Amino acid sequence: MKNRNPIWDFFASVKLALFTLFFLATTSVIGTIIPQKETAQWYIDRYGEASANLFQILSITPDMYSSGWFLSLLGLLCINLIICSLDRFPGVWHQIKADNLATPLTRLEKMTPQSQWQSANPPTSSASALKTALNTHGWKAKERSLDNGILLFAQKGAMTRTGVYIVHVSILVIFAGAIIGSALGFKASVMLPETRTTDKVYTFDTNTAIDLGFEVRCDRFNIEFYDNGMPKAYRSHLSILEDGKVVTEKAIVVNDPLSYKGITFYQSSYEPYQEFLVTITNKKTGLSENVIIPYKEQHSFEKNGLRLGIINAEGRGQSVSRIKIWLTDDNGDPSLFWLDDGEQVTVERTKNNYTVSAKQMYATGLQIAKDPGVWTVYTGCALMVLGLIVAFFMSHQRIWLYIREESDGKSSILMTGNANKNKVHFEKIFQTLTQAIKKI
């Protein structure tokens, strides 16, 4: 036996894999229990100064998952998986591609399970009939003539021996996807007022501006409240613009984002303003004007010759539920009326009638994520599921039949087989198959 390289053996060790997985699992639990990416003062207030300093020294905070030692553990696991696979896979591949018709008869005689019986037909006829029977039951058999008989071999699931290596590859693919997402992606946010557009968002950690390469506009923001004033649901109507033209639009809510060019916009929060979006339409001419009016300030609608102001508002906290409007066209007394937030009413004046709608202005809080590695991660997860199914629920099953001629011209048949996993289930398959082909 050749002297093995101790460094190679170290990185190919199953013990190293167990050690690495144990510490990754333990530290991940710690990183889950202790919130990440908070301020230093937050940790001091929550855990005390001594504990907060210890967390800082051990790089548990503010972001343990980006710390050097955690990334080193992940790197060690990757190296271990690669070396372990390179070390063991050639032997597995040799078993997959092995010439099983060259298996010594002495070994076959010792295998379990096994069954023996005699046939009135000569070996050639028996072998042909048994081969046909095996093929009928889904076992594609091969044949080889020996000096003292004929050997048949059939197998199923040879490639299932690669299940564990599919899992190894899946983990590496998931890590590759995470690296791609970290290097080429970003997580950011923006507070976007209604009717406004932006082509930039700002990263969470450094507040660095990122150019989207297109514009996003908040066309409208709607919010519903419970009777106690708590937010019930809120929705942002977003449009994506390229060269000033709308290319796609969608109303987003929590867990139903808008995606465009690999960038996803999530509904996250909102902020009410002390300004109001007012729309006035002349019912006679159809002329419509949309303006933003600050609270208790008068605004002139030059096209329609109107003046309007929000003179009072009712609501809970910073959110308005009812609005009192003052409106005049300088013909007769001004109109005073209340309307619910977002409601549309008709106002009759001396010369014209107008429809008026008004709602409190909001800014929608958006979280923006770009993760070009997400499909790589999904591919890795799919591979992992496949590998686990193959590794735990499938097995490499092999069957041999040795047909030997007896002195009276009849045939003596030895049937044996084995499986690398789930041997109890294989014995049931073996017994069922034996009963079926014994009748040949």
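Against the empirical 2.2 N^0.38 Å (N residues), the chain has a Cα radius of gyration ratio of 1.69. Binning the alpha carbon pair distances of segment 187-370 at 5 angstrom intervals from zero yields the distribution 1, 7, 16, 17, 15, 13, 12, 10, 5, 2, 1, 0, expressed in whole percent.
Pairwise Cα distances in segment 275-328 exceed 16 Å in 43 percent of cases. Residue order for 288, 239, fewest other beta carbons within 10 angstrom first, comes to 288, 239.
Sort 57-65, 95-103 by packing, meaning the average of other beta carbons within 10 Å per residue, with the highest value first.
Highest to lowest by the protection proxy: 57-65, 95-103.
Please find the FRET efficiency linking residue 87 to residue 26, where r is the Cβ-Cβ separation and R0 is fixed at 22 Å, and quote it to the nearest 0.05.
0.25
Between helix 374-393 and the chain there is an angle of about 30 degrees, using the helix long axis and the longest principal axis of the Cα atoms.
For segment 171-239, the orientation-averaged shadow of the C-alpha convex hull comes to 7.4 nm² (one quarter of the hull surface). Full extension of the chain between residue 205 and residue 219 yields a length gain of 2.2 nm, computed as 0.36 nm times the residue separation minus the alpha carbon distance.
Quick one: Cα convex hull volume of segment 1-44, Å³ per residue?
On the way: hull volume 3.9 nm³, N = 44.
It is 89 Å³ per residue.
Could you work out how far the C-alpha centroid of segment 171-218 sits from that of segment 363-422, in angstrom? Here the answer is 40 Å between Cα centres. Could you tell me how far the Cα centroid of segment 76-94 sits from the Cα centroid of segment 132-148, in Å? Spelled out, the Cα-based centre of one part sits 34 Å from the other.
How big is the Rg/Rh ratio for segment 347-424, C-alpha atoms only, Rh by Kirkwood, two decimals? Result: Rg/Rh = 1.75.
Taking each DSSP H run with n ≥ 4 as -39500 (n - 2.57) and averaging over every residue of the chain yields -11000 deg cm²/dmol at 222 nm. By the count of other C-beta atoms within 10 Å, a proxy for reagent exposure, 395, 51 are ordered fewest to most as 51, 395.
Sorted ascending by nearby beta carbons within 10 Å, beginning with the fewest, 84, 218 become 84, 218.
Helix 14-33 axis versus longest C-alpha principal axis of the chain: approximately 20°, rounded to the nearest ten.
At 25 °C and 0.890 mPa s, what whole-number value in µm²/s does Stokes-Einstein give for the translational diffusion of segment 390-440, with Rh from the Kirkwood sum over Cα pairs? Once the numbers are plugged in, D ends up at 196 µm²/s. With N counted as the residues of segment 298-440, its alpha-carbon radius of gyration over 2.2 N^0.38 Å works out to 2.92. Compactness ratio for segment 6-93: Cα radius of gyration over 2.2 N^0.38 Å (N = residue count) comes to 1.43.
All of the numbers you see were taken from the coordinates with simple rules; none came from a lab. Worth saying up front: this structure is predicted, and the values here are computed from it rather than measured. So basically every Cβ, Gly included, is an ideal-geometry build from the backbone, and we count neighbours across all protein chains shown.
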